[in-house]
Amino acid sequence: MANETLYDVVIVGAGIAGAQMAYQFATKGKKVLLLEAGEFIPNVGQEFPVKQNNLDRFYGLNIKDPSVPWPGTKDPKTPWETSDVKAPRPTSPGVNSDNSGNEAWALKDLKKDQPGNYMQQTGTYGFGSTYERVAGGTTKHWLGTCLRFSPDDFMVVSKYKPPIAGAQEWPITYDDLEKYYGMAENEIGVAGDASVDKKYGVPRSSDYPMLAVPQSFLDQVLQQRLAGKNIDGNALDVVSTPQGRNTKVYDNRPACMGNSSCVPICPINAKYDAGVHVSKIMGDATLSQLVTFVTHAVAYQVTVNADDTISGIKYKIWTKDSTQVTEAVAVGKKYVIASHAIETAKLLLYSPWKDGKTVANSSSMVGKNLMDHICLVMWGNLFTDDKTGYLPVYPYRGPMSTSGIETFRNTAQRSKTAAFRIEIGNDGWQWPYGGPQFNVDNLVNAGKVGKDLVSAVQKVVQSQVRFAFELETISCDETLESRVTLSQDKDALGIPRPSVSYKLPQYTLDGYAYAMNVAQEFFSDQVGNIDNKTQVPAFPGSPGLMTFTPTGSATPITIEFRGAGHLIGTHRMGNDPAVSVTNADLKCWDHNNLYLVGCGAFPTTATSNPTLTLTALALRAVDKIMSEL
Amino acid sequence: MNNDQPIQNPTFYQNIRPMFSQYDQVMMLSSGRIFDLFNYQSVKSMANQIYLAIQPNDDPNMANAGWSKLQQVHVMPEVGGPWPASWIVTFKNWIDTGLPAGVDPSPAFPPIADNDLQAFIALSKALTGIDNFFRFNIFKPELIKQQEEALATIYYNRLLQRPVATGTNDTLAAVLAAWAANPDAAAVAKQFPICKDIILIWYNTNTSWDGYGTPQFNQYKEGQVWKVSLIHPIGYAPENTPFYWQNAPTDDGQNSGFYYVNY
């Protein structure tokens, strides 16, 4: 059944790239078909019943996994063939697909796919990051960090010459993207302090649209303690992090009230998510005429004309309350796939082309080079200066992170090992350990009762600090085997499920080993003066537990790495069609009307969170596509 | 919620409450006007004022009544824009049909005999080390006893469902009897493992059996762990002090994120 309408642009995926591109095309008068595999969950307070249900679900669960409030989990007891979950999403490794709570952690092999989980894991250790299949995409559960990459991030290979075989460089420079960073900051609504960018050599032609989110009390205590100190010559400056989070009424959304649940749900929409742009389109008389927004529409195959241009995208439309599935074909002048790194690769790998190749894959790079910012997460209690007790800093208040230490991003060390930034958490030990309820549980199990219990809870909770060292990965020969493939198993629509085999290259692991040394010094009496409570693994059978030998050492070390939720690679951009999937404008080398957007395009993870950069790249692609329409 | 057609015979629980967001509720609670948009009696008592406030308007004088469309003011209905006309008609219909409550979806809990309930509250305070479960309620302290009893009734009923290990008398009745004979919290805690669940339900609003159970969302916010630590429940910070997290909390809960008119 062919769709009669010829759209200017067909976009697959209403996440931050797809929704913002649709909005831009529509404001320029273009007709857009926007396909979203999942549901649309209204953002605004007036459409309270849906959102409040998600919020209530979050309140009611003991383990507050990033995906908890969002749909797409299948009851493990229901077979795929009869499941009504037609746009499933992955769950964290080891977490049962119904997110039902603690039982999953007792399962024996957390590294592997649990029965019935959507995304299968076949590597020796788990890929720890997940994504959402819902309008708004994974920004539904993002933290909101909106750092720009530094200019060096775009030329890490040529400038630092790291010892990596097959290392790939970015095909663009910071200057190519600077204008679009500014646009992205305005669209998202980023609160930030331009003086911090200036200090670290990140040029800006425009200011942030909002004043920075104030740094937490915890940040301020650390700032004072670390002032004037350095590790390996890198100053330990605690600086404000730019965030997609309002500090005033912006875009008809309120200022942040510090609900401290940014991941996975902002109760008041002070944090941007891409559902905002979907709402902006649908709430506008003109834009909603130009954009046909179809939810419950799962794109599963891209078809190609004899001249190698794309002829259409086949999709299945499902309904929640019936088993009925209808098929349709999206036809447009230009096609944009914006389904995030794993789903975009899955769609392309399931689309046959010619000579035994799949669509866009003459380089054989589709699905390869799956990367993330692996995190060294360290946690503990802050000592008082004289070390006679713990110093209360009152975590669990404010946005989950308001500051970081950025001085390890561009140093000479980058010639040897992966660079990193240090995120400072306001969220206590929630990420690695669980919320303060888990502290209570442990203290009660240890026999604490009455006033002793009260003071013990206060002591251990109020002084909690948590740091994440987020490591860079550069795609290279080693990452070719870190990849997404199609599973033999199908989902409820009969589409193959994604299979992931994750592998970390030596340069990144060496960076991890270096970060561990930095962390040790950071926690020491002379520097942070922190009682280190980090346990490896935090839970038995952790999916990120691995052993490796750092370069230049004879002694293997065992680490526990965590995912940052940054799904990067799988259709990297480049200057050489032999080893990249798209050019610098995100246009496929193989098909001149097909664009692949999202952080799957990144050839390196760089040293900051990817969302702002992927948005800037998507907005840049809009200009390129407009010039061809 | 269908935005297109007004509802002819709306009820509070089914139709009116869903039109208010948590944001609206928090703004009203914390704006000093002391009414709760999620509470039937509260909305009923203020229905006419609310009806006036949800009228479409750009009148800056409305700000004086606490309903502002001014930029940067944390008061409904600024956020999310004005209500659709159909909602306003629904609200008017609700007033005109006598403000019916409808069916309260919260589960009902059987009442507990007063002696047992008071003994349970006393034991709970001793075990948890917390003298006042609603100590941040400095605005309406006369309501604290009622609040405690309502919550204790829910918890008591939940604890009655706790599986009893074979061959033991590890029950709520037994621990209350032992406590009556000798009110020594440490001693009864040693003797009766159920005491762990009594502590957990007050601190964490969950219990140790059934995979820790699932706390009711409205009890989640009542966990003592937040109040004891001078923080707020993750996902619920009704305090209206702008950017409260810059400051250390005070002992009475200011800057915890949880300091609001709590009644």
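Sorted ascending by nearby beta carbons within 10 Å, beginning with the fewest, B:Cys195, A:Cys599 become B:Cys195, A:Cys599.
Note that segment B:150-160 has calculated 3J(HN,Hα) couplings of 5, 5, 4, 5, 5, 5, 4, 4, 5, 5, 5 Hz, one per residue in order, obtained from phi through the Karplus relation 6.51 cos²θ - 1.76 cosθ + 1.60 (θ = phi - 60°); glycine and proline are x. Placing a pseudo-label 7 Å from each Cα along the Cα-to-Cβ vector at B:Asn48 and A:Asp477 gives an inter-label distance of 8.3 nm. Under a no-solvent Debye model with one identical scatterer per Cα of segment B:115-167, what's log10 I(q)/I(0) at q = 0.13, 0.19, 0.26, 0.27 Å⁻¹? Debye curve over Cα of segment B:115-167, log10 I(q)/I(0) at q = 0.13, 0.19, 0.26, 0.27 Å⁻¹: -0.38, -0.71, -1.09, -1.13.
If the chain linking A:Ala554 and A:Met282 were pulled fully straight, counting 0.36 nm for each residue of separation and taking away their Cα-Cα distance, it would gain 91.9 nm.
Amide H contacts for A:Phe539 (H built 1.01 Å from N in the peptide plane; partners 5 or more residues away or on another chain; cut-off under 5 Å): none found. In this rough spin-label picture, where each label sits 7 Å from Cα along the Cβ direction, the B:Asn9-B:Thr97 distance is 0.6 nm. Taking Cα atoms only, the orientation of helix A:340-349 departs from the longest principal axis of chain A by about 40 degrees. Spatial offset of segment A:451-506 relative to segment A:234-299 amounts to 24 Å, using the alpha carbon center of each. When both segment A:566-609 and segment B:150-196 are represented by their alpha-carbon centers, they are found 62 Å apart. For the pair B:Lys145 and B:Asn169 in one chain, pulling the backbone fully straight at 0.36 nm per residue adds 5.6 nm over the alpha carbon distance.
Each stretch of four or more DSSP H residues adds -39500 (n - 2.57); spread over every residue of the protein assembly as shown, this sum gives -8000 deg cm²/dmol at 222 nm. For chain A, find the longest principal axis of its Cα atoms and tell me its angle to the long axis of helix A:436-445, 0 to 90°, nearest 10. Between the helix axis and the principal axis of chain A, the angle is about 50 degrees. Give me the percent of DSSP beta bridges within chain A that run antiparallel, rounded to the nearest 5. Of the beta bridges lying entirely in chain A, close to 70 percent run antiparallel. Ranking of B:Tyr244, A:Tyr350, A:Tyr208 by neighbouring Cβ atoms within 10 Å, starting from the fewest: A:Tyr350, A:Tyr208, B:Tyr244. Amide H contacts under 5 Å for A:Thr358: A:Trp353, restricted to partners 5 or more places along the chain or on a different chain, H placed in the peptide plane at 1.01 Å from N. With semi-axes defined as the square roots of five times the eigenvalues of the C-alpha gyration tensor, the equivalent ellipsoid of segment A:490-567 measures 32, 17, 12 Å, largest first. Working note: Karplus 6.51/-1.76/1.60 with θ = phi - 60° gives segment A:460-476 the couplings 7, 8, 5, 9, 6, 10, 8, 10, 10, 8, 9, 8, 6, 10, 10, 5, 6 Hz, where Gly and Pro are set to x. One way to sum up the overall shape of segment A:469-509 is the equivalent ellipsoid from its Cα gyration tensor, whose semi-axes run 29, 11, 6 Å, largest first. Close amide-amide hydrogen proximity is noted between A:Val336 and A:Val10, A:Ile11, A:Val12, A:Tyr595, each under 5 Å apart and 5 or more residues distant or on a separate chain (H modeled in the peptide plane; Pro and chain starts excluded). Considering all different alpha carbon pairs of chain A, the Kirkwood hydrodynamic radius works out to 24.7 Å. Calculated on C-alpha atoms, the gyration radius of segment A:132-291 divided by its Kirkwood radius gives an Rg/Rh of 1.02. Summing charges over all other residues whose Cβ lies under 12 Å from the Cβ of A:Arg562, with Lys and Arg as +1 and Asp and Glu as -1, gives -3. Across segment A:13-19, rounded Karplus estimates of 3J(HN,Hα) from the backbone phi angles (6.51 cos²θ - 1.76 cosθ + 1.60, θ = phi - 60°) give x, 9, x, 5, 6, x, 5 Hz, Gly and Pro being marked x.
Straightening the chain between B:Asp252 and B:Lys190 buys 19.1 nm, computed as 0.36 nm per residue apart minus the Cα-Cα spacing. Placing dummy labels 7 Å off each Cα toward the beta-carbon, the span from A:Val325 to B:Val89 is 4.1 nm.
None of the figures in this text is laboratory data; all of them are computed from the coordinates on show. This is a predicted model, so every value here is computed, not measured. Cβ atoms come from the backbone with ideal geometry, glycine included; neighbour counts cover every protein chain shown.
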